[in-house]
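Please read the structure below before turning to the comments.
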Amino acid sequence: MDQWIDSLTIWTGDLAGLLWGNYVTLIALLGTGAYLTWRMRLVQIRGFHHSIELVRGKYSSEKDVGEVSHFQALSTALSATIGTGNIAGVATAISLGGPGALFWMWVTAAIGMATKFVECTLALKFREVSPDGQISGGPMYSLLNGLKMRRTAIAFASFALIASFGIGNMVQANSVVDGLGYIFPEIKNTPWVLGVVLAILVGLVILGGVKRIAKVASTIVPFMAILYISAAIIVLANHIEAIPQALFTIFNHALNPWAVGGAAVGEAIRWGVARGLFSNEAGLGSSPMAHAAARTNEPVREGLVAMMEPFIDTLVICSMTGLVIVVTGAYIDRPENLVGAALTAHAFSATLGDGGAWVVGFGLALFAFSTIIAWSYYGDRSARFLFGDAAVMPYRVIFTILVVFGAAVPLQLVWNIADSMNLLMALPNLLCLILLSGLAKRLSDDYFKRHRKSAI
């Protein structure tokens, strides 16, 4: 049995590596974002100020259709994307791709804002509202209602459902154990105890549906983001004289093959793009399921709100992690076993001492918990699409139970399956975005035209 599991782990690892590690995948995701940036006429720049207004509640109406506010929808989606990728993912990108990887994460986020805008605008356009007011939306509904591609919609929902048990549940539960293990090493001796506690907390949140998830997320996300960013600013302030050189190093390693070699620049692009997309999930099709529940009758408004995700997730939080690692030089003098979250903890601890381990450990635990509750919603919307309303509550119960297993078992196999399912979600979603980009442009042009008139 163990030999069979080991073989399956190796095979799925090879598959995940093939899917994420080849340039065709990265070009497809990045190329779609670049195309949508051009098609939407740099909406991430011209619509940025209006996005902030919408998040702050301007133009909102309680009379509009929806279950949660713009801010709550954004918080729910961010609680899924702000996770291990912001701590472990950035560190992995820099340790394997060099400091230049951070620059390519920025590029990925900048064009990913247009991708988020389009996929979430379409999610609002084609969402379904049940008689009791519950809302379901996302790429499966855009594919079904917008393109009449039922089989492709089923494929997306199936991949999303499987991924929710992996990357959205068991992987994250294990990350909570790792995070708190920085602070309390004895936890790793009885991880199932923490798993039971975590499962109870998760169950209390997700059994209440999207409204409770959004309420908890809108409390956790700002708190954990402010805590982590504040700690990073303290570290950067202590190394303020090193920041200009760090920025030069990042740009030089990202763009100058004569200085670092063509292969090094290629690795920076590969790891920066891959980890950037993994962190902000632009193009994967997950967050449109959260944004579809927003209280608005204007699809473009929620698209603009969603646009803030890659900005906050990658351009702000991932940048903080990356700059701390570079200015402290942690990526240079690190022991060989420090690659992911441990490298980030090492970088913070170099300035903050034991407090650095607390920030990373506590932050990783909170980030992972918020990801679990958000992905539970993505999974139950997928279950509802595939099997109907009767499947939602059994899904939530099974999801909660699996949290215990995720905290207690080795997870490399689960990681591999989850990584593969995540990318397989992206394929039908990217097809949907390209085929419906014309509709998204018409919706966008019409909205901004009406908005300009009303502002006069």
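Each reported figure results from applying straightforward, stated rules to the coordinates on display, with no laboratory input. No experiment lies behind these values; they were computed from the predicted model shown. FYI the Cβ positions are ideal-geometry reconstructions off the backbone, even for glycines, and counts take in every protein chain you see.
The lysines within cross-link reach of residue 449, meaning a Cα-to-Cα straight distance under 28 Å and a gap of 8 or more places when in the same chain, are 58, 63, 116, 125, 441. Working note: Debye formula, equal point scatterers on the alpha-carbon atoms of the stretch 196-302, no solvent; log10 I(q)/I(0) at q = 0.18, 0.19 Å⁻¹ is -1.09, -1.12. Can you give the local net charge around residue 159? Use residues other than it whose beta-carbon is closer than 14 angstrom to its beta-carbon, Lys and Arg +1, Asp and Glu -1. Net of charged neighbours comes to 0. If you sort the three axes of the alpha carbon gyration tensor as a ≥ b ≥ c, you get a/c of 1.5 or more for the stretch 149-204 and a/b above b/c, which makes it prolate. The three principal axes of the C-alpha atoms in the stretch 2-450 carry coordinate ranges of 58, 48, 41 Å, sorted with the longest axis first. In this simple spin-label model, placing a label point 7 Å from the Cα along the Cα-to-Cβ direction at both residue 251 and residue 230 gives a separation of 3.2 nm.
In terms of its alpha-carbon gyration tensor, the stretch 7-81 comes out oblate; a/c meets the 1.5 threshold, while b/c is at least as large as a/b. Using the Cβ of residue 287 as centre and a radius below 11 Å, the other residues enclosed give a net charge of -4, where K and R count +1 and D and E count -1. Of the residues 11, 4, 375, 415, the one with the fewest other Cβ atoms within 10 Å heads the list, and the complete ranking is 4, 11, 415, 375. Each helix, a run of at least 4 DSSP H residues, gives -39500 (n - 2.57); summed and divided by the residues of the chain, these come to -24000 deg cm²/dmol at 222 nm.
Counting neighbouring beta carbons within 10 Å and listing from fewest to most, the residues 141, 59, 395 come out as 59, 395, 141. With R₀ fixed at 30 Å, the C-beta to C-beta distance from residue 452 to residue 148 puts the FRET efficiency at about 0.35.
Remark: relative contact order (the chain) = 36 percent; criterion is Cα-Cα distance under 8 angstrom and separation of 6 or more residues. What whole number of Å gives the distance from the Cα centroid of the stretch 413-456 to the Cα centroid of the stretch 29-65? Spelled out, the Cα-based centre of one part sits 11 Å from the other.
On full extension, the segment bounded by residue 129 and residue 3 gains 40.6 nm, given 0.36 nm per residue less the C-alpha separation. As a rough footprinting exposure proxy, the listed residues 30, 247, 443 were ranked by other beta carbons within 10 Å of their own, and the order from fewest upward is 247, 443, 30. Based on Cα atoms of the stretch 288-361, Rg over Rh with Rh as the Kirkwood radius reads 1.22.
Does a label point 7 Å from the Cα of residue 46, set along Cα-to-beta-carbon, have any residues of the stretch 415-456 with amide nitrogen under 19 Å, and which are they? Counting only backbone N, you get 437-456.
Taking Lys and Arg as +1 and Asp and Glu as -1, the other residues whose beta-carbon sits under 11 Å from that of residue 361 total -2. If you plug the beta carbon distance of residue 192 and residue 445 into 1/(1 + (r/R0)^6) with R0 = 60 Å, you get a FRET efficiency near 0.65. If the cut-off is a Cα-Cα distance under 19 Å, which aspartates and glutamates reach residue 453, setting aside same-chain residues fewer than 8 apart in sequence? Straight-line reach from residue 453, under 19 Å: 53, 298, 445.
Looking at the square roots a ≥ b ≥ c of the eigenvalues of the Cα gyration tensor of the stretch 242-303, which shape do they give, rounded for a/c under 1.5, prolate if a/b is larger than b/c, or oblate? Because a/c hits 1.5 or more and a/b exceeds b/c, the stretch 242-303 counts as prolate.
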